[in-house]
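Take a look at this one; I'll ask things after.
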Amino acid sequence: MIGSKISSRYAKALFSLGQDDGHYEEYGENLNEFVSFCSTKNEFIRVVSNQIFPVEDRKKVLEVVLEKSSFSNIVKNFLRLLVDKNRIVAIDGITDYYSRLTDEFSNITRADIITAKPLKSKALDNLKRALTGLTSKDVRTDVKQDDTLIGGLIVKIGDLVLDGSVKTQLEGLKESLKRGEYN
Amino acid sequence: MIQFKGKKGKFVLIAGLILISLFIFCGLSFASEGGGHGGTDGSQRLWDLGARFLNFAILVIILFVVIKKADVKGFFSGRRAEISQKFEDLKKERDAAESRFRELEDELKAFETKKKEIIQQFEAEGVAEKEKIIAEAEERAKQILEQAGLTIKREIQAAKDRLAMEMVEAAAQRAQRIIEKEIKDSDQDQLVNEFIERVEKLH
């Protein structure tokens with residue numbers, strides 16, 4: 001909870017700057033790149049976030065990376081600030097929250113689609129269109145496959161869950177039988 | 001007046017009487033012996049008679065004096081009174097004993113009566129207690145039977161429910177295995193299309 005509050009506070013601050021200068025999308029892309037880099041270089045993020053090392057040393061390590069990056073100055077300064085404040089460890093949460101802010105600002109919503117079998121492109125387009133109609137927002141999808149669903153699919157948009165899986169239908173049928181609804 | 005009371009007095013009286021009797025007997029013997037050596041028979045006989053008479057008179061006097069002194073009458077009357085008193089006392093004791101016997105007999109009868117009453121009371125209480133225990137036992141047995149009946153019904157229902165659950169689980173697992181085996185890509189497409197139609201209906 002505390003982590004999410006910190007992440008939202010920092011993300012909102014950066015997004016506010018991005019809104020002012022109109023480069024919020026670029027800042028978001030920079031953050032995503034930095035997070036991707038950190039996920040591939042675990043040692044880097046461990047060193048930068050480790051408070052055993054002096055802040056100056058950690059900032060030097062960060063500078064080496066930033067020099068080789070094409071990040072905007074705002075994002076670079078933002079990352080330096082996170083190291084100064086020992087909040088660099090929350091970079092994943094900050095990036096996620098920043099993405100939500102940009103999506104909201106751009107009238108975009110994200111839908112997690114879990115399907116039992118690969119979706120055909122036509123079916124995915126139809127589904128996007130249907131979800132856009134449902135949410136009145138531009139829908140960006142993230143499709144994953146889960147064989148345990150047996151058949152059908154599940155869509156999650158924020159707190160909204162649309163479950164059309166065979167597994168859930170079987171569970172519902174089983175519960176109905178247990179309650180004796182078919183006696 | 002001399003009174004011979006007690007054992008010592010009686011002893012003195014008897015001893016006096018024996019001495020006087022011996023004295024008279026000796027006198028009479030001596031007198032009869034002296035008569036054999038006499039002169040004339042008539043005077044001797046008269047003398048002998050006089051002596052005998054004198055002896056007798058002395059004897060009577062002595063006896064009278066002795067009896068007078070010894071208060072034999074008083075002795076015997078006292079003895080009679082004593083015996084009479086003793087008899088009266090014994091009679092009283094006998095009456096008292098008889099009275100006590102009757103009292104004890106009455107007490108015994110009362111005790112017997114009381115005993116019978118107590119026995120009857122205890123018997124009555126015992127019968128009442130027995131009936132109470134039997135009634136309680138019957139009531140308890142009835143409750144136990146009712147409880148057992150309820151328990152049996154509950155257990156049967158629980159067993160039915162468990163069996164139904166197991167059947168449902170088995171049926172669901174079986175259905176899942178069949179669907180997993182039989183489902184095709186066309187079924188998946190149909191499921192997706194139906195899902196899209198349902199989402200569109202939500203607009």
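What are the residues in segment A:79-95 that are under 19 Å from the mean Cα position of the chain (by Cα) and either outside the structural domain of A:Leu62 (by TED's automatic domain parsing) or in a helix (DSSP H, G or I) (or both), if any?
A:Leu79, A:Ile88, A:Val89, A:Ala90, A:Ile91, A:Asp92, A:Gly93, A:Ile94, A:Thr95, listed by residue number.
Within segment A:102-117, which residues are within 9 Å of chain B (Cβ to nearest Cβ) and in a loop (DSSP other than H, G, I, E, B)?
A:Ala116, A:Lys117
Sticking with this one: Could you say whether any residue in segment A:54-63 is of a type in the set (D, E, K, R), under 18 Å from the mean Cα position of the chain (by Cα) and surrounded by 11 or more Cβ atoms within 10 Å (Cβ to Cβ)?
For segment A:54-63, residues of a type in the set (D, E, K, R), under 18 Å from the mean Cα position of the chain (by Cα) and surrounded by 11 or more Cβ atoms within 10 Å (Cβ to Cβ): absent.
Here's the yes/no breakdown for (1) more than 24 Å from the chain's Cα centre (by Cα); (2) within 21 Å of B:Gln190 (Cβ to Cβ):
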site	(1), (2)
A:Asp125	no, yes
A:Leu131	no, yes
A:Val139	no, no
A:Gln145	no, yes
A:Ile150	yes, yes
A:Leu153	no, yes
A:Lys167	yes, yes
A:Leu173	yes, yes
A:Leu177	yes, no
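Okay, residues lined up against (1) within 60 Å of the chain's Cα centre (by Cα); (2) surrounded by 12 or more Cβ atoms within 10 Å (Cβ to Cβ); (3) within 9 Å of chain A (Cβ to nearest Cβ); (4) aliphatic (A, V, I, L, M):
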{"site": "B:Thr151", "(1), (2), (3), (4)": "yes, no, no, no"}
{"site": "B:Lys160", "(1), (2), (3), (4)": "no, no, no, no"}
{"site": "B:Met165", "(1), (2), (3), (4)": "no, yes, yes, yes"}
{"site": "B:Val192", "(1), (2), (3), (4)": "no, yes, yes, yes"}
{"site": "B:Lys201", "(1), (2), (3), (4)": "no, no, no, no"}
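Another one. Which of the numbered conditions does A:Lys120 fail, given that it passes all the others? Conditions: (1) surrounded by 13 or more Cβ atoms within 10 Å (Cβ to Cβ); (2) within 19 Å of the chain's Cα centre (by Cα); (3) under 19 Å from B:Gln188 (Cβ atoms).
Exception for A:Lys120: condition (2).
Within 14 Å of chain A (Cβ to nearest Cβ), surrounded by 10 or more Cβ atoms within 10 Å (Cβ to Cβ) and either in contact with a Cys (Cβ under 6 Å, 6 or more places away or on another chain) or in a helix (DSSP H, G or I) (or both), is that true of B:Glu93?
no
Go through (1) surrounded by fewer than 21 Cβ atoms within 10 Å (Cβ to Cβ); (2) within 28 Å of A:Gln19 (Cβ to Cβ); (3) away from chain B (no Cβ under 12 Å) one by one and return the number of the condition A:Ser136 breaks.
The one condition A:Ser136 does not meet is (3).
Moving on. For segment B:62-74, state whether one or more residues are of a type in the set (Gly, Ala, Ser) and either at pLDDT below 85 or touching an Asp or Glu at 6+ places or on another chain (Cβ under 7 Å) (or both).
Just the residues of segment B:62-74 that are of a type in the set (Gly, Ala, Ser), to begin with: B:70, B:74.
Filter once more, so that each one left must be either at pLDDT below 85 or touching an Asp or Glu at 6+ places or on another chain (Cβ under 7 Å) (or both): B:70, B:74.
Yes; the residues of segment B:62-74 include at least one that is of a type in the set (Gly, Ala, Ser) and either at pLDDT below 85 or touching an Asp or Glu at 6+ places or on another chain (Cβ under 7 Å) (or both).
Mind checking which strands (runs of 3 or more DSSP E) fall wholly inside segment A:129-183 and carry at least 3 residues that are free of Cβ contacts under 8 Å to residues at least 24 places away in the same chain?
Filter on segment A:129-183 gives A:160-163.
Of these, A:Leu173, A:Leu124, A:Leu162, which one is at the interface with chain B (Cβ under 8 Å from one of its Cβ atoms) and under 30 Å from A:Gly28 (Cβ atoms)?
The match here is A:Leu162.
The values are calculated or read from the model by the stated rules, or taken from the named source; none is laboratory data. It should be emphasised that the depicted structure is a prediction, and the values quoted were computed from it without experimental measurement. Please note: Cβ atoms are built from the backbone with ideal geometry, for glycine as well, and neighbour counts cover all protein chains shown.
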